[in-house]
Amino acid sequence: MTGHDLLILAAIDLSGGPEWFTGDWGRAVQALRLGRAGDVLHGTVPGAAFATRAAVAGLPDRKVQVRTRGFTRHDNGGYTLLSGTIYDPDDLCNRWGIDRQLDPAGLYAAMHARLGDDCDKHINGNYAAVQWNPERRQARLARSATSRAPLHVLRDGNRLVVSSLPAPIMALGHHAAIDDNMLGDWLLLNARRPAKSWYKGLHRVPAASVEAHDPDGHTTRQYWSVLDVPAVRFKKDEDYVEAVTEQFERATATMLAGARCPGVLLSGGLDSQAVASFAATQLPPGGVLRSYTSVPAPGWVPTDSETLFSDESPHVRALCAMYPQITPSFIDGAHLRFGERLQSSMLMSGWPSYNEMNAHWFHAALEQASADGVDVVLGGDMGNASFSYDGFTGFPTWLAKGNWLRLMRELLADRYDARPTWRKLIALAVMPHVPLAVKRAVDSGRPWRPSPFTWWCPMREDYARRSGALDRAARDGHDLEAYDIASARQWRDEVVTGLLAGAPEISLGYTLLYGTEMRDPTAYVPLLELCAGIGDEQYLRGGVDRWLARRMLSGRVPDVVRDERRVGAQSSDWPMRMTRERDGMLHELQMMQSDPRLADVLDLPRLVADLQNWDGQDIAARRDAAKLNSGLTRGIATARFVQFVEGRNAG
């Protein structure tokens, strides 16, 4: 995991004629210098200019160096750039007879020389690759199956620019303007178009995809999907636990490779507690794992319920009692105001934030981790799609397969749902199979299915219609009402696609801001494939959801965590924070109303009224969290991003 690049940039002339990029190349290279990472190295090859930035950060007071370098021409006649990491490189070298001394880009080039365009199916990692063959005038772009290393692409005739982040592309002369299709999709939470960019004229290479460019055009193909993972069947229940445990151990060891001082974003839930427990047991003798946990700010009175708990610190302290090698920090981020670091984050990433009201604790946690000398921060974002899946798609699956006995047994065993069995049968097993249009017709006008434009979506409904956002959502199968899904594969695909479409730029921006690399063992492809191939009956049994995870973590995490059915509410103190911010937010929203661009997109009168009429509480029946903590703040953060990109100044 050592010695890899965090950022890459390539400007390519596919025509083989005069190189168009030389005049602005210096500005593009300088755009790679933002944030905390290693030095920037750049140089030219026939028909192209390349630049890389090392992942390792220097000393805090060391100035980033910009130097020229040569790029190696590999055996296949081309040049290769690679950002991110290739996992288990020694295993790859042994299996395919490749020189172990090669750097990550050289290793990737060697794999491509041996296996051709299918090479990415055989490489496990978190990477993005750019290859250029000047004789053939062909460029090949690729991202690993669960890659969080983004690639942004500008194709203008025979001019091709590929960059980890958008800023260097703009430095090469492309005008930055918001793509309104992306704006509408983002506000509708539609992540089903992972190739879309926020910027007109640009697109992204989706994860698990290969894109090929030549003078005649370009093609894109997806080589991996969680939908296509083969089924996994063992003889005994305990065999599943053993297999997942083994892969989790490998995943954690892989993510810890090269980490000098590891940390973990630790909550009271199964995913991050599992990551922390496996990491703690894999530390070298005397090693320390630093953990960072979100807690409410002083003065907040917890409002726990049957489904939520506000303070996750007791669960974390219980885990730390089991593993003395974990040194915990509890982060309230009380010193950070709403959106205080958003400008810096957008400057690093060129991307907006999803939930800015929750961002303060990520900033505060990573800031503290950086001060503690942590170089790698572990997380468990993909846990729900892998080992800790809840198994609730078992109900419609067993119905469809005619497995009536198991279906009725699980319906009767569900002691947390007080509805009569016949109601549960219809709601949990039958309704997921009903077409979306029929569900909407059945629920039309019912108070528990209000229009998203009255609560979580800050966009004007008329804009959503005339901009085509609603039509695109319908074509993409994006469900605005969040109905239950009939297939575990489909559910996992929604989660994986959403995370890989929205998070990479944001995570990369955090890395540049704080100099800490973020890694997720639960996104390790062999673990994800294994878990996705396992049937629902291993995840839901005897009325116990997440049955596989709860068995795997027996004795590994505290019982209070393993048996918890509630969900930890990060930033549960949002009402107190928003009360503090209310006047500033109202002023900002009112100023936006004088900007025709923003007023056309956002339902500003509704957002102002929601905030003005709010009594400062979090009442679930009123959907306060969705209206204010999610919808309103997403609207403000998105508006700030539009202003940031387009140089607008509301009011």
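The values are calculated or read from the model by the stated rules, or taken from the named source; none is laboratory data. Keep in mind it's a predicted model, so treat the numbers as computed, not measured. Using ideal geometry, Cβ is built from the backbone for each residue, glycine included, and neighbour counts are taken over all protein chains shown. Ligands, DNA and RNA are stripped out before the accessible areas are found, and what is left, the full protein with its side chains, is counted by its heavy atoms. Shrake-Rupley method; radii C 1.70, N 1.55, O 1.52, S 1.80 Å.
Observations on the structure shown:
- Relative contact order of the chain, taken over Cα pairs closer than 8 Å and 6 or more residues apart, is 17 percent.
- Coarse-grained scattering of region 540-651 at q = 0.11, 0.12 Å⁻¹, given as base-10 log I(q)/I(0) from a Debye sum over alpha-carbon atoms: -0.54, -0.59
- The chain, Rg to Rh (Cα coordinates; Rh as Kirkwood inverse mean 1/r): 0.95
- Å² of accessible area per residue within region 561-623, as computed with a 1.4 Å probe and no ligands counted: 47 Å²
- When peptides 119-125, 77-83 are ranked by their average number of other Cβ atoms within 10 Å per residue, the highest-first order is 77-83, 119-125.
- Residue (of Met591, Leu342, Pro447) at the positive-pole extreme of the chain, dipole from beta-carbon charges: Pro447
- Highest-first packing order for the peptide set 261-273, 577-589 is 261-273, 577-589, based on the mean count of other beta carbon atoms within 10 Å.
- Extended-chain gain in nm, criterion 0.36 nm per residue less alpha-carbon gap, Ile426 and Asp90: 115.7 nm
- Computing FRET efficiency as 1/(1 + (r/R0)^6) for Ala413 and Leu586, where r is the C-beta to C-beta distance and R0 is 30 Å, gives about 0.05.
- Between Thr220 and Ala318, the contour length at 0.36 nm per residue exceeds the alpha carbon distance by 30.5 nm.
- The loop-placed trypsin sites (Lys or Arg not before Pro) in region 83-115, going by DSSP, that have at most 10 neighbouring Cβ atoms within 10 Å of their Cβ come out as Arg100.
- For region 336-393, the fraction of C-alpha pairs more than 17 angstrom apart is 56%.
- The alpha carbon convex hull volume per residue for region 1-80 rounds to 98 Å³.
- FRET efficiency, Ala231 to Gln617 (Cβ-Cβ, R0 41 Å, nearest 0.05): 0.30
- Here the calculated FRET efficiency for Ala441 and Thr68, from their Cβ-Cβ distance with R0 = 56 Å, stands at 0.30, rounded to the nearest 0.05.
- Candidates per chymotrypsin sites (Phe, Trp or Tyr not before Pro) in region 426-466, loop by DSSP, up to 12 other Cβ within 10 Å: Trp448
- Extension gain, His175 to Gln30, is 50.5 nm, computed as 0.36 nm per intervening residue step minus the present C-alpha separation.
- Rounded percent of accessible protein surface that carbon and sulfur make up, the chain, 1.4 Å probe: 51 percent
- Based on DSSP H segments of at least four residues, each scored -39500 (n - 2.57), the chain has a per-residue ellipticity at 222 nm of -10500 deg cm²/dmol.
- When each of the peptides 183-191, 33-41, 159-167 is scored by the mean number of other C-beta atoms lying within 10 Å of its residues, the order from highest to lowest reads 159-167, 183-191, 33-41.
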